[in-house]
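The values are calculated or read from the model by the stated rules, or taken from the named source; none is laboratory data. Bear in mind the structure is a predicted one, so any value in this text is a computation, not a measurement. Heads up, the Cβs are rebuilt from the backbone with ideal geometry, glycines too, and the neighbour counts pull from every protein chain shown.
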Amino acid sequence: MKIRILTHAEKDLGGTLPDLWPEFMTHDPIVSTFWPRLFEVYPDFQLWVLDGKTTVAQGCTLPVRWDGIPEPRGIDWAMTNGVAGEPSSLCAIVVAVVPEYRGKGLAEALLRRMASIAAAHGLDELIAPVRPTWKERYPLTPVERYVLWRREDGLPYDPWIRTHERLGAEILDIAPRSMTITGSREEWEEWTGLQFPEDGDYVVPGALVPVRFEAGHGVYVEPNVWMKHPLYEEY
């Protein structure tokens, strides 16, 4: 591998990664509205990982004004209220790695680069509403209990939370409403390939918690986990 990490300002590579998320995840109205602005307004804060000329991973961040209190709305907050005022912190929005390059340390490298960018811009910390990778395997377990699960070696059970913790991050709190996705029964059936014949709670592949249907309308409220990374001159 010949790996390079570039900012969007250094090389415009927008739209070169395959779809790595469940279809329904693209229908948060706040995220879908604000997403293009990340690259237009904050190109120095968006990262691309290249193997030769092939884009294999992406990391997106957003400078926010944070008062030290974990916000319940997580990503939705970062892309609305978080951008109001003089930024104090860098918020990691997403890290995405194509499947064949996972487990090679690219996610860790992106987190380190994010922390370096935060320090270089004089920001106080790197925070992240972390999407627990394996929570989708346990959609009926409350996220407040899930984040307490530990392996025999004392490290977090969830691999993505574990990656953050190994880099020195600490868990701050739960973001119970980090993303909210709503749609009609027909839209959810199109997004998931499933049928939802009556109202109630449904386990949907890729969802961290069940999707609730009432009066033919489905609502998915995704919880994330707020974590904070320390900043060093050499991260």
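Please go through region 104-155 and pick out each residue that is surrounded by fewer than 17 Cβ atoms within 10 Å (Cβ to Cβ), closer than 30 Å to Val204 by Cβ and free of Cβ contacts under 8 Å to residues at least 12 places away in the same chain. Selection gives Arg137, Thr141, Pro142, Arg145, Leu148, Trp149, Arg150, Arg151, Leu155.
When Asp201, Asp158 are checked against the criterion of being of a type outside the set (Lys, Arg) and loosely packed, with under 15 Cβ neighbours inside 10 Å, Asp201 stands alone in meeting it.
Results for (1) assigned to a loop (DSSP other than H, G, I, E, B); (2) within 14 Å of Thr61 (Cα to Cα); (3) charged (D, E, K, R); (4) at pLDDT 95 or above, shown as yes or no for each residue.
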{"site": "Leu110", "(1), (2), (3), (4)": "no, yes, no, yes"}
{"site": "Met114", "(1), (2), (3), (4)": "no, yes, no, yes"}
{"site": "Ile117", "(1), (2), (3), (4)": "no, yes, no, yes"}
{"site": "Leu123", "(1), (2), (3), (4)": "yes, yes, no, yes"}
{"site": "Glu136", "(1), (2), (3), (4)": "no, no, yes, yes"}
{"site": "Thr141", "(1), (2), (3), (4)": "yes, no, no, yes"}
{"site": "Arg145", "(1), (2), (3), (4)": "no, no, yes, yes"}
{"site": "Glu152", "(1), (2), (3), (4)": "yes, no, yes, yes"}
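Looking only at residues in region 161-173 that are more than 16 Å from the chain's Cα centre (by Cα) and assigned to a loop (DSSP other than H, G, I, E, B), the one that is surrounded by the fewest Cβ atoms within 10 Å (Cβ to Cβ) is Gly168.
When Gly103, Gly85, Gly59 are screened for being in a loop (DSSP other than H, G, I, E, B), under 18 Å from the mean Cα position of the chain (by Cα) and not assigned by TED's automatic domain parsing to the domain that holds Trp191, only Gly103 passes.
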